[in-house]
Amino acid sequence: MLPATVSDADDAIDPLSAVTHPDPYPYYRELAMHRPFFRDQRLGLWVAAGAQEVAAVLSHPECRVRPPAQPVPPALAGTPAGDLFGRLIRMNDGAAHAPLKGLLMPLLAAIDPSAAAHRAAALAALLAAGTAMSAERVNGFLFTLPVVTLADLLGLPVAVDRDMAVAVAGHVAAFATAQSPLADTNAVQAGAGAAQWLAIWLADALPPAPASGPLPLLHQAAHAAGIDAQAVSANIIGLLVQACEATAALAGNTLLQLGRGTVPAGTVPEELAAQVAVSDPPVQNTRRFLAADARLCGHDVKAGDAVLVLLAAASCIGMADGKRPWTFGDGRHTCPGDRLAQALAGATVRALLARGADPAALARAFRYRPSLNARIPHFC
Ligand code: HEM
């Protein structure tokens, strides 16, 4: 296929800077339609932008979630954050992680999204505690309410008081930040401390066996299947981490959409969050790494090559399988929290509106947080 011409207006944007560009969608659409799979020499990455190509990469057996020679990012290796990262099902392929994944997926599937939204509404009262909704408070809320609600739904004692809830969400966010390639030394150190804090908190929080509730039952089933208890604990924290930045981004982008004043009257936040997951997706891309030489989308790719998978570009021209927003991924690592995330984001927006947050004012003063894959507004 001939490389497509990229217009002058698109010169200032590339597949990574698009994530935090004010309006990357014309550029993404152009790529999806005319350059569905290409090599970006400057970035040193293959780029998949067409819907078929995105699906093909995400389902290819040689395309792995980590470089085979580097299971943990070098900055985290040897730290508590690296130990935790290395055990996450999200960051691993292969048979060794399949049994634990087989236990975690039904655990998530058993959470009813509308019950989650109700619980979020109750916990919002604990977190808001009567203060006015400044931009800073809105930012804090976006990063706290979804994580705290998920922890609570899993049966963890996070809602003991406001300080505990804020501390748990803060440590989850610090660990999530440390995973970014943009994390500096301070962020990596904070992530290591956060991983340690979360591991100790979780160990104290779990009731001694035998006990009922989703997490003791998960530990018992894992023990019976011979799965390492540390891997189970790491992945419980992993669920909170998965819920953190992406759900904050979905709720934040939903607020922005409301603030632009183009949303039809009567659209409820949950419905709007589902639309925003397609039109202004929180997770814009993901990466895959070739474990062996392969033929991919008509090109010869080499072991060790990296592919940037532009979920947001595919999203410009439809839905995955015709029904799921591309932002939740596809194939072996598809997000199992998609419906829950939309319910939590909707409930977060609803709680903010109920406490006087003004989307129009928020949309007048914001920037996107520095990120190479998530589009997360920070209100100023
Ligand atoms: C708007 C919010 C969310 C978005 C956009 C999102 C997006 C994604 C994406 C793109 C992936 C695939 C990553 C890859 O393989 O490259 C993923 C995986 C995952 N997500 Fe989400 N997610 C969201 C919220 C959640 C929530 C709330 C949970 C937990 C309740 C969750 C749990 C997971 C897990 C466990 C995986 C790993 C699955 C596996 O390794 O097979 N996500 N998510």
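The chain has equivalent-ellipsoid semi-axes of 31, 28, 18 Å, by the square roots of 5 times the alpha carbon gyration tensor eigenvalues, sorted largest first.
Taking every protein chain into account, the 1.4 Å probe leaves Thr177 with about 60 Å² of accessible area, to the nearest ten. On a per residue basis, the stretch 240-364 carries 36 Å² of accessible surface, using protein heavy atoms and a 1.4 Å probe. Taking all protein chains as they are arranged and a probe of 1.4 Å, the heavy atoms of Cys297 leave approximately 50 Å² accessible to solvent. Probing with 1.4 Å while keeping every protein chain in the model, the per residue accessible area of the stretch 56-136 equals 47 Å². Ligands, DNA and RNA left out, the 1.4 Å accessible surface of the stretch 141-297 is 58% carbon and sulfur atoms. In terms of accessible area, using a 1.4 Å probe and ignoring ligands and nucleic acids, Lys323, Lys101, Lys302 rank largest first as Lys323, Lys302, Lys101.
Placing Asp338, Asp300 in order of accessible area, with the largest value first and a 1.4 Å probe, yields Asp300, Asp338. Each of the peptides 278-290, 32-44 was scored by the mean count of other Cβ atoms within 10 Å over its residues; in descending order, highest first, they stand as 278-290, 32-44. Accessible surface of Val268 in the full protein assembly, 1.4 angstrom probe, to the nearest 10 Å²? Rounded to the nearest 10, that gives 60 Å². Both radii come from the Cα set of the stretch 15-105: Rg as radius of gyration, Rh as Kirkwood radius; their ratio Rg/Rh reads 1.05.
The values are calculated or read from the model by the stated rules, or taken from the named source; none is laboratory data. Only a predicted model underlies this, so the values are computations on that prediction, with no experimental measurement involved. Please note: Cβ atoms are built from the backbone with ideal geometry, for glycine as well, and neighbour counts cover all protein chains shown. We work out accessible area using only protein heavy atoms, side chains counted, and drop any ligands, DNA or RNA first. Shrake-Rupley method; radii C 1.70, N 1.55, O 1.52, S 1.80 Å.
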